[in-house]
1. Would you mention how many residues in the range 151-182 are part of a loop (DSSP other than H, G, I, E, B) and either at positive phi or within 16 Å of the chain's Cα centre (by Cα) (or both)?
2. Looking at V283, V278 in this structure, which one is buried (at least 16 other Cβ atoms within 10 Å of the Cβ), part of a helix (DSSP H, G or I) and at pLDDT 80 or above?
3. Do we find a residue being over 28 Å from V228 (Cα atoms) and buried (at least 19 other Cβ atoms within 10 Å of the Cβ) anywhere in the range 144-161?
4. Since H115 meets every condition but one in (1) in a loop (DSSP other than H, G, I, E, B); (2) crowded, with 18+ Cβ neighbours inside 10 Å, which condition does it not meet?
5. Can you spot a residue in the range 74-83 that is surrounded by fewer than 20 Cβ atoms within 10 Å (Cβ to Cβ) and closer than 21 Å to G277 by Cα?
6. Between a residue in the range 79-104 that is closer than 20 Å to L180 by Cα and any residue that is among the hydrophobic types (A, V, I, L, M, F, W, C) and part of a loop (DSSP other than H, G, I, E, B), which pairs come within a Cβ distance under 6 Å, given they are 6 or more apart or on different chains?
7. What are the residue pairs meeting all of these: first residue in the range 230-255, first residue more than 16 Å from N181 (Cβ to Cβ) and free of Cβ contacts under 8 Å to residues at least 40 places away in the same chain, second residue of a type in the set (D, E, K, R) and in a helix (DSSP H, G or I), Cβ atoms under 8 Å, and 6 or more apart or on different chains?
8. Name the one entry in A185, A191 that is touching a strand residue (DSSP E or B) at 6+ places or on another chain (Cβ under 6 Å), at pLDDT 95 or above and not in a loop (DSSP other than H, G, I, E, B).
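The values are calculated or read from the model by the stated rules, or taken from the named source; none is laboratory data. If you're wondering where the values come from, they're calculated on a predicted model, not measured in any experiment. Here Cβ is always computed from backbone atoms with ideal geometry, including for glycine, and neighbour counts include all displayed protein chains.
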Amino acid sequence: MNTVVITGASSGIGLETALLLTQKGYNVLGIGRSEINCNRAKEWILSKNPDANITFYLADLMQQGEITRAADEINEYLNEKCNGKLYALINNAGCVRSWYMTTNEGYEQQFALNHLAGFLLTYKLMPALLKAGGRVIMTGSQSHKGIKINWDNIMLQKRYNPLTAYKQSKLCNMLFAKGLNDRFAIHGIRAYVVDPGLVKTDIGNKETGALVNFIWSLRKRHGVPPSVPAETYAFLCDKKNAPEGLYYCLCKEKKYSRQVTSENADRLFKLSERLCGVHYGEVLKI
């Protein structure tokens with residue numbers, strides 16, 4: 001039985017993906033921030049699929065110490081029950097903010113959760129992914145197009161614009177996947193970004209100001225249910241031979257921004273390693 005880790009698995013896209021993958025026979029390890037929501041999510045999945053193999057871990061992925069703790073717990077589980085193998089990691093957790101807010105490390109919150117959390121968690125779980133020849137999937141957005149990385153002010157603390165911060169974080173998802181493929185495809189790892197499209201989730205209603213909350217409440221009415229994009233994550237997991245593309249929507253490969261180059265991916269990779277205090281080259285020595 002293949003094991004998959006999903007972040008942001010207690011609601012929205014992550015929850016629907018967790019359900020779908022358990023229905024397909026995967027062993028799912030979900031990560032959520034709220035114990036109440038995780039318990040509710042597990043009960044809901046089991047009500048839909050009594051035979052589901054589902055386990056939840058608690059972690060606030062905006063804080064790097066929490067990421068490390070959760071990864072240690074998951075690695076212990078994988079070593080005990082899965083031969084140390086992780087088939088797939090779905091970095092789905094994300095946020096929207098209305099104003100400039102920082103983490104314990106002093107990093108802008110959208111950049112921290114939407115990009116750095118997945119970057120650090122992937123590093124911590126990479127030995128298990130390498131052992132399985134696994135896949136890493138990011139939740140992206142078409143909003144990564146039409147923007148460039150602000151290398152001189154990547155946290156955007158000067159003249160902060162929440163939409164710009166969100167778009168930049170989604171471009172970071174693309175560059176991270178590109179950087180992973182450039183470094184680890186030769187070792188059997190494949191990375192992807194899923195564009196879920198406009199989905200009826202609460203991402204724009206969590207810890208946002210009244211205006212963003214109102215706009216998102218109106219906008220999401222036109223979105224598809226989270227079960228629709230869940231199919232694309234399952235598609236990328238189910239393919240016996242890893243698909244060659246990078247960016248997918250509705251189970252089909254899509255074109256992406258010209259900013260997604262190896263040069264930009266390398267630059268972001270090195271910056272992210274410094275911000276997380278890690279070096280990906282070390283995992284190949286383990």
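1. First, the residues of the range 151-182 that are part of a loop (DSSP other than H, G, I, E, B): 154-161.
Then keep just the ones that are either at positive phi or within 16 Å of the chain's Cα centre (by Cα) (or both); that gives 156, 159.
Summing the residues that are part of a loop (DSSP other than H, G, I, E, B) and either at positive phi or within 16 Å of the chain's Cα centre (by Cα) (or both) in the range 151-182 gives 2.
2. Working: V278 fails: part of a helix (DSSP H, G or I).
Just one listed residue meets the conditions, V283.
3. Step one: list which residues in the range 144-161 are over 28 Å from V228 (Cα atoms), which gives 148-161.
If we keep only those that are buried (at least 19 other Cβ atoms within 10 Å of the Cβ) as well, we get 154-155.
Checked the range 144-161: at least one residue is over 28 Å from V228 (Cα atoms) and buried (at least 19 other Cβ atoms within 10 Å of the Cβ).
4. Failed condition: (1).
5. yes
6. Short answer, once both residue conditions are applied: A93/L61.
7. If the second residue must be of a type in the set (D, E, K, R) and in a helix (DSSP H, G or I), the pairs left are C251/E231.
8. On the way: A185 fails: touching a strand residue (DSSP E or B) at 6+ places or on another chain (Cβ under 6 Å).
Exactly one residue qualifies, and that residue is A191.
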